[in-house]
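Engineer: Okay, here's the structure, questions in a sec.
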Amino acid sequence: MQAIQEGVEDISMIGQFGVGFYSAYLVADKVTVVTKHNDDEQYIWESEAGGHFTIQRDVSGESLGRGTKIILHMKEEQTDFLKERTIKDLVKKHSQFIQYPINLQITKEEEVEEEGEKEEVKEGEAKVEEVD
């Protein structure tokens, strides 16, 4: 009852989208869902957890072909959830009985030295780097 008195809009949003989906706002300030059905146009649903959301036709030109992409705009204090191991463990723990495949697209960034910054290493000499 207290939840209803404090935020009727939040309750209606939970009713429309479910507690599981709504829990995304524990780690994200904003959620964007891009979705496309075979026989329909592509749409973008966005919300910043205040109970309001927008739905608009996607005119970005980046077509999914078919399916759904969910983008969580993470809160700064929740970035630990972006670690590959954490994501895999959470998906495995909470989705082990889902009959549909869940694909994680993992992108890794690697720092590359500028051409002028390379240290020369003579043949037969080992280059030792400090590791954090």
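Engineer: 7 Å from Cα along Cα→Cβ at both Arg57 and Trp45: what's the point-to-point distance in nm?
Structural biologist: Result for the modelled spin labels: 2.0 nm.
Engineer: Using r as the Cβ-Cβ distance of Glu114 and Lys92, and R0 as 41 Å, what FRET efficiency do you calculate, to the nearest 0.05?
Structural biologist: Efficiency at R0 = 41 Å is approximately 0.55.
Engineer: Filter the trypsin sites (Lys or Arg not before Pro) in the stretch 32-102 to those in DSSP coil with at most 13 other Cβ atoms within 10 Å of their Cβ, and list the result. Numbers along the way, then the final one.
Structural biologist: On the way: sites: Lys36, Arg57, Arg66, Lys69, Lys75, Lys83, Arg85, Lys88, Lys92, Lys93; in loops: Arg66, Lys75, Lys83.
Listed in order of number, the matching sites are Arg66, Lys83.
Engineer: Further, regarding this structure: Per residue of the stretch 42-57, in order, report the coupling 6.51 cos²θ - 1.76 cosθ + 1.60 (Karplus, θ = phi - 60°) as ³J(HN,Hα) in whole Hz, putting x for Gly and Pro.
Structural biologist: Per residue, the Karplus-derived 3J(HN,Hα) values read 8, 10, 10, 10, 9, 8, 10, 6, x, x, 9, 8, 10, 10, 9, 5 Hz.
Just so you know, all these numbers are worked out from the coordinates, no wet-lab data involved. This one's a predicted model, so the numbers in the text were calculated from it and none came from an experiment. All Cβ positions, even for glycine, are placed from backbone atoms using ideal geometry, and neighbour counts span all protein chains on display.
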